[in-house]
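Right, one structure below, let's go through it.
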Amino acid sequence: MQMREVLAENLRALMGKNKNMIIIDADLSKANGTYSLKKDFPGRVLNVGVAEQNMASIAAGMSSYGFVPFIFTFASFASRRMCDQIAISICYSKQNVKIVGTDPGISAQINGGTHMGLEDIGILRNMPNMVIFEPTDEIQLRKILPQIFSYNGPVYMRIFRKQAPIIFSQNDNFSLFGSKKIKEGNDISIFCSGIMVDETLKANEDLKKLGISAEIINIYTIKPLDKEAVLNSVKKTNAALAVENHNIIGGLKSSISEFLSENYPVLLRSVGIKDKFGQVGNLDCLKKVYEMKKENIVKTALDLFKNKLK
């Protein structure tokens, strides 16, 4: 299933049990998969039109009356366009609003550079009281979404709309405020998120052939960072690599480096968008352009490992 279909299916289940749950869209309900919910909950699924800033303010007001609004738009609009409303009306006011930003980073694909949220984590990570979650696959999304609803406070979920490779099994469990170790390793620690988890696992197959043992940890909740998991891993490997679908400034790499520089300084490298704007293209093409393919992860990991040995 596409991630937006999984999201809608699980929102429908939550709305059936919780009459205070509201869905608000900014004219993207078909694109984001929430259009079908209006038939089941006509009074609780709203479309405010192309008015993202108003949507954030409306959601904050509804939250103050006890509703739990989930608001939907593209990741670029959920961060850049709504920045002040999120800061003041939602985070400063400690409102219980869940913000869903779809197609983050280069996953906006043919919508092009204007619609690519390459800096959304960097913007919203600076907001006190904000939690930032990025699901890896539909299994993780299904298991954490109820936790997001139950959590009392602002949450930003950046989510790939289309079908994502299945990484986890139904037996895997997740805590909203945690991370998930996927592979044990001793030579380097690779911290990855979102669509880059699958690319990292492909790279790991090549790294194993080269004799490098990588520990792979999915950082699905980027704020607050699972500091214990990061620290325990790098104490073993003494080398860190951050792999993300985001500008390497302000996102996962920045979060990890800020923490490690103060607590356990080690060599750190990154794979992600290197301070550039986006452009039109399909996902595979854009990964090549921005050097985010498995071969780029392998090359960076090798450089990291060799420098660690020096």
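Full extension of the chain segment joining N20 with Y264 gains 83.4 nm, where the gain is 0.36 nm per residue of separation less the Cα-Cα distance. Summary value for region 3-159: 23 percent relative contact order, contacts being C-alpha pairs under 8 angstrom separated by 6+ residues. Across I297, I167, I248, mean-square fluctuation computed from a Gaussian network of the chain (C-alpha pairs under 10 Å connected) peaks at I167. Projected label points at E228 and S64, each 7 Å from Cα along the beta carbon direction, are separated by 3.8 nanometres. Build a GNM of the chain with springs between Cα atoms under 10 Å apart, and of D137, D172, D275 the one that fluctuates most is D172. Relative contact order for region 176-297: 28 percent, from Cα pairs under 8 Å spaced at least 6 residues apart, divided by residue count.
Exposure proxy shown here: for C192, C285, the number of other Cβ atoms within 10 Å sets the order, fewest to most, as C285, C192. What separates the Cα centres of region 65-110 and region 230-289 is a distance of 23 Å. Note on the chain: GNM, Cα springs under 10 Å; of S169, S255, S76, the largest mean-square fluctuation is that of S169.
Treating each Cα of region 213-310 as one equal point scatterer and applying the Debye formula with no solvent, the log10 of I(q)/I(0) at q = 0.13, 0.18, 0.24, 0.25 Å⁻¹ comes out as -0.47, -0.87, -1.37, -1.44.
Calculated from the structure at hand, Cα extents along the principal axes in Å is found among (1) 49, 45, 38; (2) 62, 52, 35; (3) 62, 37, 37 as (3).
Take the Cα of D206, step 7 Å toward its Cβ, do the same at N111, and the gap between the two points is 3.0 nm. Normalised by the number of residues in the chain, the average gap of Cα pairs under 8 Å and 6 or more apart makes the relative contact order 16 percent. Run the paramagnetic zone check for K276: 7 angstrom along Cα to Cβ, then residues of region 104-127 with backbone nitrogen under 13 Å. Residues passing the 13 Å test: 106, 113. Fully extending the segment from A13 to M1, taken as 0.36 nm per residue of separation minus the present Cα-Cα distance, adds 2.7 nm. The simple Förster model, with R0 at 35 Å and r as the Cβ-Cβ distance, assigns K183 and D40 a FRET efficiency of 0.30.
Over the chain, dividing the summed -39,500 (n - 2.57) contributions of all DSSP H runs of at least 4 residues by the number of residues returns a 222 nm mean residue ellipticity of -11000 deg cm²/dmol.
Every number here is computed from the coordinates shown, using simple stated rules; none is lab data. No experiment lies behind these values; they were computed from the predicted model shown. Methodologically, a virtual Cβ is constructed for each residue, glycine included, from the backbone with ideal geometry; neighbour enumeration extends over all protein chains shown.
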